[in-house]
Amino acid sequence: MNHLWHPFADMAAVEKAGEFVVDSGDGVWITDVDGNRYLDATAGLWFANVGHGRAELADAAARQMRKLAAYSTFGDVATRPTLELAERLADISPMADTKVFFTSGGSDSVETAVKLARRYWHELGKPDRTHVIGRGFGYHGMHAAGTSLSGLPSNKADHGTLFPDTATVTWDDPADLVAAIERLTPERVAAFICEPVIGAGGVMPPPPGYLAEVRRICRQYDVLFIADEVVTGYGRLGHWFASGRFGLEPDMIVTAKGLTSGYAPMGAVLVGPRVSEPFFQPGGGVWWRHGYTYSGHAMCAAVALANLDLIEREDLIRSAASLEGVIVEHVGRLAAHPAVTEVRCGVGALAGVQLKNAASAQDAVRAARAHGVSTRAMGAGALQVSPAFVATGADVARIAAGLSAALDTLVEPHIPDPRSDGASG
């Protein structure tokens, strides 16, 4: 009997089929406990941006843990790595005068940003502005706020009301955002949260002009704009942040994953000057009673700093930008496969291979392993491709070839009728 309860799993199916147990990683490769090697098409869960097995990140963790593993940052307490990381993130942020609130991961970051948006309006004397709007197909983690804002109905089904005053609009239609704000009334809407490229919902790049238009709408109605960059932050789209690539000038940016490349659990909310101002006024005496035990964890901060150093030294953001075209070239060809309806790619180092039969996605994942590729199902029956930035063109080509071979197993072979010459009427 298995004692591990896996996230996002049918545990009866896991008990029957067994687990895929990963033992080690090196660059874009992972190895299972039986010694079989696989190209990691997903960079773990969108996070291993610098690849697996980077010793200098392990060394950074060990050095800090020997000195001071962790300490609270509540009140006026800080550690040197935490302060240094906040300065570093402010330097690379696309927002001026960025303040940094540290969390333990992406779901924490979303919860933090949503609560802060509501609290901001309360400080401005507008406590009725509590509604937060998300998009269809959007994934914002699995805490109460993120679950309630999910644009994936199956993720919030059967939990009851977790976080009140949330709404979801069509993922690709700015007019639907206007309609929602008008329906709720602008005086009651706190924020709009938006993944610049939808990630776990299936990799959905924004339609041309969409992001600029929803940003304009938020300004028109004085609604805070929260960019969820848990997936796209720290280089995935060939820029430090997608907000910079698309000129979004958000009020807050939600981040995690690539902050440490998954080598330590850490997230951060980058807060622009508009939102931070009421809380930083001299003599203001304003407390925001929010935070986590591991907010600004010293060891995690040291790893994040070493990770950002590595990204800069090896010019990995440029590498991620170059992967965009390589993925289009190789993975994009899978759109012609009879088991595929479309391949969504062309905006950064990521792609979604949409299957015609969504129910076959898990079968495709298992078949891909048999062909040396580790991927996963996401959205409504799509396969994820988001390799580490250290991947080469040859690596991406091998990923595409392995996925193609796996998809072949989903298509029933045509067996000619011996009584027919093959002609059809």
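The values are calculated or read from the model by the stated rules, or taken from the named source; none is laboratory data. Not measured: the values here are computed from a predicted model. Positions of Cβ are backbone-derived with ideal geometry, glycine not excepted, and every protein chain shown enters the neighbour counts. In case anyone asks, the SASA skips ligands and DNA or RNA and just uses the protein heavy atoms, side chains included. Shrake-Rupley method; radii C 1.70, N 1.55, O 1.52, S 1.80 Å.
Structure above, values below:
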| read-out | value |
| --- | --- |
| Rounded FRET efficiency, nearest 0.05, which uses the C-beta distance separating THR161 from GLU15 and R0 of 30 Å | 0.40 |
| Shape category assigned to the range 1-142 from the gyration tensor of Cα positions, a/c cut at 1.5 | oblate |
| Folded to 0 to 90 degrees: helix 106-123 orientation relative to the chain principal axis, Cα | 30 degrees |
| Cβ-based net charge around VAL326, under 14 Å, with every Lys or Arg adding one and every Asp or Glu removing one | 0 |
| Estimated FRET transfer efficiency (ASP363, ASP23; beta-carbon r; R0 22 Å; 0.05) | 0.35 |
| Per-pair calculated FRET efficiency, R0 = 45 Å: TRP5 and ALA96 via Cβ, rounded to 0.05 | 0.55 |
| ³J(HN,Hα), Karplus 6.51/-1.76/1.60, whole Hz, each residue of the range 230-243, x for Gly, Pro | 4, 8, 8, x, 6, x, 4, 9, x, 9, 3, 9, 4, 4 |
| Accessible surface of the chain, 1.4 Å probe, proportion on carbon and sulfur as whole % | 53 percent |
| Eligible aspartates and glutamates near LYS156 by straight Cα distance, threshold 19 Å, same-chain separation 8 or greater | ASP10, ASP108, GLU111, ASP165, GLU195, ASP228 |
| Solvent-accessible area of VAL230 with every protein chain in place, 1.4 Å probe, in Å² to the nearest 10 | 20 Å² |
| Distance in nm between pseudo-label sites at ASP34 and ALA179 (7 Å out along the Cβ direction from Cα) | 5.1 nm |
| Accessible surface, 1.4 Å probe, highest first, among residues MET11, MET378 | MET11, MET378 |
| Difference of contour (0.36 nm per residue) and Cα-Cα distance, GLU187 to THR409 | 74.5 nm |
| Reduced Cα scattering model of the range 206-280, Debye log10 I(q)/I(0), q = 0.19, 0.20, 0.23, 0.25 Å⁻¹ | -0.83, -0.90, -1.07, -1.17 |
| Where only C-alpha atoms are counted, convex hull volume of the range 129-268 per residue in Å³ | 104 Å³ |
| Part-to-part distance (alpha-carbon centres) for the range 25-101 and the range 143-160, which is given in Å | 28 Å |
| Amide H within-cut-off set for THR341, under 5 Å, with H built and near neighbours excluded | GLN354, LEU355, LYS356 |
| For GLY136, net neighbour charge (Lys/Arg +1, Asp/Glu -1) across residues whose Cβ lies under 15 Å away | -2 |
| Inter-label distance for ALA62 and ARG80, nm, one decimal - labels placed 7 Å from Cα along Cα-to-Cβ | 2.0 nm |
| ASP76, ASP23, ASP309, ranked by accessible area, largest first (probe 1.4 Å) | ASP76, ASP23, ASP309 |
| Under 5 Å, built H, 5+ apart or other chain: amide partners of GLY27 | HIS52, GLY53 |
| Per-residue HN-Hα couplings for the range 329-340 [Karplus 6.51, -1.76, 1.60; θ = phi - 60°; Hz; x = Gly/Pro] | 5, 9, 6, x, 5, 5, 4, 7, 5, x, 8, 10 |
| Convex hull of Cα atoms in the range 233-333, direction-averaged projection (nm²) | 8.6 nm² |
| Whole-Hz couplings from phi, Karplus 6.51/-1.76/1.60, listed for the range 49-58; x for Gly and Pro | 4, 8, x, 8, x, 7, 4, 5, 6, 5 |
| Zone of GLN281's modelled label, taken as backbone nitrogen in the range 122-147 under 11 Å from a point 7 Å along Cα→Cβ | 123-125 |
| Charge dipole (the range 110-267, unit charges on Cβ, about Cα centre) - positive-most of LEU116, LEU162, ALA191 | LEU116 |
